[in-house]
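The values are calculated or read from the model by the stated rules, or taken from the named source; none is laboratory data. Everything quoted here is computed from the prediction, not taken from an experiment. Reconstructed Cβ throughout: ideal geometry from the backbone, glycine too, with neighbour counts over all protein chains shown.
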Amino acid sequence: MSTSGTTHERVVTTPTTDTRRPAYGLGRVLILVYGIFAVAATARASVQLLTHAAEAPLAYSLSALAGAVYLVATIALAHNGRRMRRTGWFAVVFELLGVVTVGTLSLLQPDLFPDDTVWSQFGSGYGYVPAVLPLLGIAWLWHSSPARVSARSERP
């Protein structure tokens, strides 16, 4: 007997299986490269800061910052949730701004950087991968956007 005037309906759902195949290819390669750079930049900066931080504190601190940004980008790109995608966007745009700013400063005022950072001279010490990586990250985030993927799949 219900006195509130509401009825309780039982909703039965059928369990479904996600039949999409796992994503392989550029996305996984991008995450792998970001992971490698996260480890490399963090390890390099840690050794430099622990052994001779006074020689180039700005450069070594920027390398540590780059390592942290690469780590955040790696984790964010590996997940596809709304918050993680937003975090990924922030990380790769921040990375791009860092590469452009530090790259430009390292060319115009080299005395600021007595030792190289990951981003010095636009990543020349790393084959310019640090300059290209955020562009690939931005392209991947834009291309793999769930809204864009959904819209593409619904087209006739």
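Just give me the residues in the range 46-94 being of a type in the set (Phe, Trp, Tyr) and in contact with a Phe, Trp or Tyr (Cβ under 8 Å, 6 or more places away or on another chain), in sequence order. Passing the criteria: only 70. Taking interchain pairs and intrachain pairs at least six residues apart, which have beta carbon atoms under 7 angstrom, with the first residue in the range 113-132 and at positive phi and the second modelled with pLDDT of 95 or more and buried (at least 22 other Cβ atoms within 10 Å of the Cβ)? Final answer for the pair search is 122/99; 123/99; 123/130. Being of a type in the set (S, T, N, Q) and not in a loop (DSSP other than H, G, I, E, B) is the filter here, so list the residues in the range 60-117 that pass it. Listed by number, the residues that qualify are 61, 63, 74, 87, 101, 104, 106.
Taking the condition touching a Phe, Trp or Tyr at 6+ places or on another chain (Cβ under 9 Å), in a helix (DSSP H, G or I) and modelled with pLDDT of 95 or more, does residue 43 pass? Spelling it out, it is not the case that residue 43 is touching a Phe, Trp or Tyr at 6+ places or on another chain (Cβ under 9 Å), in a helix (DSSP H, G or I) and modelled with pLDDT of 95 or more.
State whether the residues of the range 118-138 include one that is buried (at least 19 other Cβ atoms within 10 Å of the Cβ), among the β-branched types (Val, Ile, Thr) and part of a loop (DSSP other than H, G, I, E, B). Scanning the range 118-138 turns up at least one residue that is buried (at least 19 other Cβ atoms within 10 Å of the Cβ), among the β-branched types (Val, Ile, Thr) and part of a loop (DSSP other than H, G, I, E, B). In the range 65-74 there is at least one residue matching the filter, namely being modelled with pLDDT of 95 or more, within 24 Å of residue 111 (Cβ to Cβ) and of a type in the set (A, V, I, L, M, F, W, C).
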